[in-house]
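Novice: Handing you this structure, nothing more for now.
The values are calculated or read from the model by the stated rules, or taken from the named source; none is laboratory data. Computed from a predicted model, the values in this text were never measured in an experiment. We place every Cβ from the backbone using ideal geometry, glycine too, and count neighbours over all the protein chains shown.
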Amino acid sequence: MTTLCIATFLTSAVLAPSGGILAVDSRGIGVFDAGKWASMDSMFLEGPKVPQSTVDRLTAGACYSLSPNGAASEARANLTFQPDERDPLWSVEGNESPFLWFGPKPAALRVNSVKLDSSEYLRVAREYLKTKGLPNAKPVLHSVSQVDLDGNGTSEVLIILGSRKVADLGINFEDQFPSDSDYCAMIVREAKGKSVRTIEVEFYANKAKNGSGIVTLRGIWNLDGKPGAEVVTDWRSYESGATSISQFSQGKMKTVASAGAGV
């Protein structure tokens, strides 16, 4: 019988949706306005640019420094547009916090970090890797987070794993892992009725469809006031990288905003 360490909580009250901007590592990543998320300016932006008037309006109010565990403290900062032809960006001035939210104070979100030597989730990781043609894999857990991702009152488990520790997962000049046996993945463990399923979000390897890449979890918050959570991750390759905001709904993880740079 399959077991899963997933807890069920009562759905907590959340804030009414309102606008805001998330900045990570001094760069504007995503803007939530008029009930929708959009990406901030970067060399990867394919949609319309964020108007200066929108940024001015959303940064005129409260600002909070966020911690990965969900705590928020009042802060002061500004966003200034840097019109670089190759990599335009909204840059934070006046604050060095790695995570800044220009908007109403985020709703409290319960996130439980599971120990990385968990036998249960190492087993889940091995079973998942068998479906990728890696029957003898010995995965390393990078992060394991229990959280109600979709706001339905039951927590999912977000797992990021790799063939080595993050610090040892290098990518060479040809955008390849050191070995064809190396990999990095993000999966979600979800209870569906009386059964439990593993959902693949991202998988990277030298011969994978998406090629090589390293994904890491930066934080999980409730930013837009709607039920559920915003998952913030980094992706990097040899000379490229991006930070993304994603939401989980109906068994799928969808990127709602992203900003990055590279060659």
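Novice: May I ask you to verify whether I29 is modelled with pLDDT of 95 or more, buried (at least 21 other Cβ atoms within 10 Å of the Cβ), of a type in the set (V, I, T) and in contact with a Phe, Trp or Tyr (Cβ under 7 Å, 6 or more places away or on another chain)?
Specialist: Values: modelled with pLDDT of 95 or more: yes; buried (at least 21 other Cβ atoms within 10 Å of the Cβ): yes; of a type in the set (V, I, T): yes; in contact with a Phe, Trp or Tyr (Cβ under 7 Å, 6 or more places away or on another chain): no.
Against the criterion (modelled with pLDDT of 95 or more, buried (at least 21 other Cβ atoms within 10 Å of the Cβ), of a type in the set (V, I, T) and in contact with a Phe, Trp or Tyr (Cβ under 7 Å, 6 or more places away or on another chain)), I29 does not qualify.
Novice: Let me ask something additional. Looking for whichever is buried (at least 22 other Cβ atoms within 10 Å of the Cβ) and of a type in the set (K, R) here; the options are R218, R197, R189, R236. Which one fits? Let's see the steps before the verdict.
Specialist: On the way: R218 fails: buried (at least 22 other Cβ atoms within 10 Å of the Cβ); R197 fails: buried (at least 22 other Cβ atoms within 10 Å of the Cβ); R236 fails: buried (at least 22 other Cβ atoms within 10 Å of the Cβ).
Within the list R218, R197, R189, R236, the selection yields R189.
Table: residues versus (1) buried (at least 16 other Cβ atoms within 10 Å of the Cβ); (2) without any contact (Cβ under 8 Å) to a residue 60 or more places away in the chain; (3) aromatic (F, W, Y); (4) farther than 26 Å from F248 by Cβ.
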{"position": "P83", "(1), (2), (3), (4)": "no, yes, no, yes"}
{"position": "V111", "(1), (2), (3), (4)": "yes, no, no, no"}
{"position": "K115", "(1), (2), (3), (4)": "no, yes, no, no"}
{"position": "E127", "(1), (2), (3), (4)": "no, no, no, no"}
{"position": "V140", "(1), (2), (3), (4)": "yes, yes, no, no"}
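Novice: While we're here: Scan segment 39-72 for residues that are assigned to a strand (DSSP E or B) and at pLDDT 95 or above and report the count.
Specialist: First pass over segment 39-72, keeping only residues assigned to a strand (DSSP E or B): 39, 63-66, 72.
Filter once more, so that each one left must be at pLDDT 95 or above: 39, 63-66.
Residues meeting the conditions: 5.
Table: residues versus (1) closer than 23 Å to S113 by Cα; (2) outside the structural domain of Q146 (by TED's automatic domain parsing); (3) under 13 Å from the mean Cα position of the chain (by Cα).
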| site | (1), (2), (3) |
| --- | --- |
| Y204 | no, no, no |
| G213 | no, no, no |
| N222 | yes, no, yes |
| V231 | yes, no, yes |
| K252 | yes, no, no |
| S258 | no, no, yes |
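Novice: Scan the strands (runs of 3 or more DSSP E) fully inside segment 163-263 and keep the ones with 2 or more residues being over 23 Å from M40 (Cα atoms).
Specialist: Values: elements: 183-192, 195-205, 214-221, 230-236, 240-249, 252-262.
Of the strands (runs of 3 or more DSSP E) lying wholly inside segment 163-263, those with at least 2 residues that are over 23 Å from M40 (Cα atoms) span 183-192, 195-205.
Novice: Something else: For segment 90-102, how many residues are in a strand (DSSP E or B) and farther than 25 Å from A229 by Cα?
Specialist: Taking segment 90-102 and keeping what is in a strand (DSSP E or B), we get 90-93, 99-102.
Right, trim to farther than 25 Å from A229 by Cα and you get 93.
Here the count works out to 1.
Novice: Turning to a different aspect of this structure: Search segment 55-80 for residues that are touching a residue at least 12 places away in the same chain (Cβ under 8 Å) and not assigned by TED's automatic domain parsing to the domain that holds R218 and pair each with any residue that is buried (at least 18 other Cβ atoms within 10 Å of the Cβ) and assigned to a helix (DSSP H, G or I) when their beta-carbon atoms are under 6 Å apart and the residues are at least 6 apart or on different chains.
Specialist: L79/V55
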